[in-house]
């Protein structure tokens, strides 16, 4: 196998792994990147939004060559019942700016491109290689990995665990526990292919403009979960995910949930006549701040989904992943340039950088949200959607009933369904949001 | 001209006029309907929503043959700035019910159909005839009308003034004042023709489903006004209207306002490639409850737009027009069947019916709204749209700024722009709404 | 590219409409005036059919052929007697194909 | 019309996907058990690829070929040792064309 020692071994070629590998390689560090899949991205699944700001900090001119689908100019939030949806949306032509803020991406193409950039900076990529075990020295410091390839272990001063939400390596080495069932969501997703013109007509977009729909409500059958519809160039990603703990207790299967979502009268016209070319499933870290494990130790750091770096409230993942990968790399580089060892004390710099950045600040801001979503799931995903929908139907339907009566009915419905819980819900939501 | 006396003369073959003529004729009354246009509808302009519930009370089975465009299943409210819009929308498949609640219509076709139904019940329609003057007896009671046709006046026990917002007849006879500039909005509208499939794909509709977009914000250039986009079978009605008082002080012309609205990035894709086949303009009563004139007197009643019977807040006109026309017809019929004369005292029954119906109750509920919209125009149509758009962009843009800082920015923007006015505005709007 | 004609001229918009012009009998007349009032001047940009225009001599003139009969000038200018406003004779004027 | 099959069968969905099956070396194994636990039973409806099914004798069985490697069964069943969960050998298993 490879004899010489690396400055760093990066486990995984997803957002965080590529960000770390690229940053370290471009600083001249000797980096080995291990990817268990046939190619970077073959094992990665995402709804698929890339946050340009974070990538600019790594590859400023990425827009020229990176495989990007559509730049996002509209965001829709749907509150759905079985037959209806009440939506809020925001569309801004300014997002057509010279350096657009957000793109939809297709992970298999994007990750392959991102990893190639790291290789061009000198990182060595080894695909079809699964890291099985961390190797430690006498003082329990991590000094390398053993993989499922023949030949001995590979050594490095530090191992960057960017192995994704499941992250067997870290768990087997007891660096962190297996994620709890209520700290991850199981999402299933289909890629619906349609001609670009059809997508642009159905979403009122001009060439390479894109749009995002986030949906919540009765589509998750009372479970804590959300659906999504993202527009790519010639395909639409349609998916839905719920907390695994809820899923386990609920009788519906993920595919039934997805098919119901696809058949909803508001969704069906968007994907009518499409050809499905892939059906994927993945876990999404939803535990938030309280589920973030110890992120560094002697000879190792954790970044990306493996560290639960996902802002479930705003549905932001790739920005936290890329930033944590970049910050891990910068910390490692600074320690290297000070010619110091990768001790836990030194690697604390990585955590400090994270704390100072939006990554930990945002996660801490919403630290109570996962619990709230979980405990009042029935209210948030069943009762309120129905109430809101009935209120809107009441408002819009013209049936000779006076507006005053209609308003009284709506208030009565809310009070009957939630009573004083209304105020409690509002306060809890406000507190969890602040 | 026609010598024999009529039970009633109806001035105008719009929504209110046809409703009154049909109701009275179907009860066996001798009705003459005068329409100044070449055919019923040739002088009528409307965004074009028909509220089925009210028409059902007149012609229960109208759905069988009435020329209806699309049944409405989605309602969108847009709060617009120059480049962006923040929207709220509600879509419900239940509106695909067996007797749909609302339809878009094309007035020239619909009014002609509606008037023909009245004729089939025995009403006599006289087109290309403008009523010039009310004829009174010695006691000042209205006993007929003089028209611009040769031959003497036409006589009837009662004249139903369904002559529309301008309503020269009623004003010239001092039955009511000419509408004040701040009590009417000038709306301009274009009919954009597109193949049905294009409309359906751009609005995510299946055959004969329709959507409505009401838009407010910087599109009205600081004036109190709104834009609208209604889907018809093979055309889209696109229009803009603002209070005439505001328009007078503003330099932009209605046509320019409409063109700017059409060029807005959120609107342009909806009508791209369309063929415009008509450009219309009309006044819309916006005065609300306080602008409603005396509605009845010796030998006359007023209904429809002529009586400012239009709920501007909910953008509802045809329901008030048809209901007031029906009730005028029913009141007249009841007086007739009691063999009594069309005195002011007897015709008070019409007003009593209106007061007990949603017509006056809803108008009274929002009686302070027109003043509020007018006085707060710059806040409501300039400041708040910008504030909301900035807040949404802040929320959606991912730029590494912690969410807490973003929220502080938004609160600061609101406070800087409106300071304590915020609370004042909220209370004023709440009070005007209640 | 040049500033693309910012707005479609009103005449082009009216081109599609159907009219039966009661030529020789305009239904709206502007009263003779030495200096046009604020409201009358406003009509030169406010009239949706662009019927009102200001001549070199400062007078506001009206060609009522393309009138859409919306009534805005009546609201603003009839009160002070600056114009007289009538419906066109029965059957004449704008004939909305759609409305 | 007959009741159109309510939901598309999972197999049909997986049909489109690309796999390199490491036949003979399933990366997930269900430990022998007399009565399947609640979590293991839940997998029979929860597994997005429908790999878990309950045999007549009540045992929960696994055919891991169509596995999407999402890790849900690991979350629910590894802690109590009901299954062992490994990644497939390098390069094997699901190969997302898009992801």
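Some notes on this structure:
- Flag for residue A:393 being more than 30 Å from residue A:24 (Cβ to Cβ), crowded, with 17+ Cβ neighbours inside 10 Å and at pLDDT 90 or above: yes
- The residue that is farthest from residue B:391 (Cα to Cα), counting only those in region A:85-109 that are part of a helix (DSSP H, G or I) and in contact with a strand residue (DSSP E or B) (Cβ under 7 Å, 6 or more places away or on another chain), is A:96.
- Failed criterion for residue A:275 (all others in (1) within 30 Å of residue B:205 (Cα to Cα); (2) touching a helix residue (DSSP H, G or I) at 6+ places or on another chain (Cβ under 8 Å); (3) modelled with pLDDT under 95 hold): (2)
- Residues that are surrounded by fewer than 18 Cβ atoms within 10 Å (Cβ to Cβ), free of Cβ contacts under 8 Å to residues at least 60 places away in the same chain and more than 8 Å from chain B (Cβ to nearest Cβ), drawn from region A:81-112: A:97, A:98, A:99
- Candidates A:393, A:386, filtered to the one that is closer than 29 Å to residue B:314 by Cα and in contact with a strand residue (DSSP E or B) (Cβ under 8 Å, 6 or more places away or on another chain): A:393
- Screening residue B:199 with (1) closer than 26 Å to residue C:89 by Cβ; (2) not in a loop (DSSP other than H, G, I, E, B) gives one miss only, at (1).
Residues are listed down the side, and each one gets a yes or a no for (1) surrounded by fewer than 19 Cβ atoms within 10 Å (Cβ to Cβ); (2) touching a strand residue (DSSP E or B) at 6+ places or on another chain (Cβ under 9 Å); (3) away from every other protein chain (no Cβ under 11 Å):
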| residue | (1), (2), (3) |
| --- | --- |
| A:345 | yes, no, yes |
| A:348 | yes, yes, yes |
| A:352 | yes, no, yes |
| A:362 | no, yes, no |
| A:367 | yes, no, yes |
| A:371 | yes, no, yes |
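- Test: residue B:60 is out of contact with any helix residue (DSSP H, G or I) (no Cβ under 9 Å at 6 or more places or on another chain) and modelled with pLDDT of 95 or more: yes
- Looking across region A:114-131, just one residue is out of contact with any strand residue (DSSP E or B) (no Cβ under 7 Å at 6 or more places or on another chain), closer than 18 Å to residue A:27 by Cβ and within 14 Å of chain D (Cβ to nearest Cβ), and that is A:114.
- Test: residue in region A:295-309 that is over 30 Å from residue A:200 (Cα atoms), touching a residue at least 24 places away in the same chain (Cβ under 8 Å) and surrounded by fewer than 24 Cβ atoms within 10 Å (Cβ to Cβ): yes
- Of all the residues in region A:164-175, those that are over 17 Å from residue D:86 (Cβ atoms) and within 9 Å of another protein chain (Cβ to nearest Cβ) number 0.
- Residues located in region A:132-151, provided they are within 14 Å of chain D (Cβ to nearest Cβ) and out of contact with any helix residue (DSSP H, G or I) (no Cβ under 9 Å at 6 or more places or on another chain): A:146, A:147, A:148, A:149, A:150, A:151
- Count of residues meeting criterion [under 12 Å from residue B:131 (Cα atoms) and either part of a strand (DSSP E or B) or more than 16 Å from the chain's Cα centre (by Cα) (or both)] in region B:161-172: 5
- Of the residues making up region B:238-272, those that are facing another protein chain (nearest Cβ under 7 Å) and closer than 30 Å to residue A:207 by Cβ number 7.
- Test result for residue A:380, touching a residue at least 60 places away in the same chain (Cβ under 8 Å) and closer than 22 Å to residue B:88 by Cα: yes
- Applying the condition of being surrounded by fewer than 22 Cβ atoms within 10 Å (Cβ to Cβ) and at pLDDT 95 or above to region A:229-259 and asking which residue is farthest from the chain's Cα centre (by Cα) yields A:234.
- Test: residue in region A:187-194 that is without any contact (Cβ under 8 Å) to a residue 40 or more places away in the chain and within 30 Å of residue B:271 (Cβ to Cβ): no
- Evaluation of residue A:178 against (1) closer than 23 Å to residue A:141 by Cα; (2) more than 9 Å from chain D (Cβ to nearest Cβ) (one fails), failing number: (2)
- In this structure, residue A:173 qualifies as surrounded by fewer than 23 Cβ atoms within 10 Å (Cβ to Cβ), modelled with pLDDT under 95 and outside the structural domain of residue A:383 (by TED's automatic domain parsing).
- Remark: residue A:408 matches the filter, which requires a residue to be over 23 Å from the mean Cα position of the chain (by Cα), within 14 Å of chain B (Cβ to nearest Cβ), over 30 Å from residue B:402 (Cα atoms) and in a helix (DSSP H, G or I).
- Taking region B:207-295 as the region of interest, the helices (runs of 4 or more DSSP H) fully inside it that hold 1 or more residues being closer than 20 Å to residue A:93 by Cα are B:254-263, B:268-271.
- In region A:213-226 there is no residue matching the filter, namely being under 23 Å from residue D:51 (Cβ atoms) and at the interface with chain D (Cβ under 9 Å from one of its Cβ atoms).
- Scanning region A:310-334 for residues that are surrounded by fewer than 22 Cβ atoms within 10 Å (Cβ to Cβ) and in a helix (DSSP H, G or I), we see that the one that is nearest to the chain's Cα centre (by Cα) is A:330.
- In the set (1) away from chain A (no Cβ under 14 Å); (2) surrounded by 16 or more Cβ atoms within 10 Å (Cβ to Cβ); (3) over 32 Å from the mean Cα position of the chain (by Cα), residue B:428 fails one condition alone, (3).
The values are calculated or read from the model by the stated rules, or taken from the named source; none is laboratory data. None of the values given here were measured: they were computed from a predicted structure. Reconstructed Cβ throughout: ideal geometry from the backbone, glycine too, with neighbour counts over all protein chains shown.
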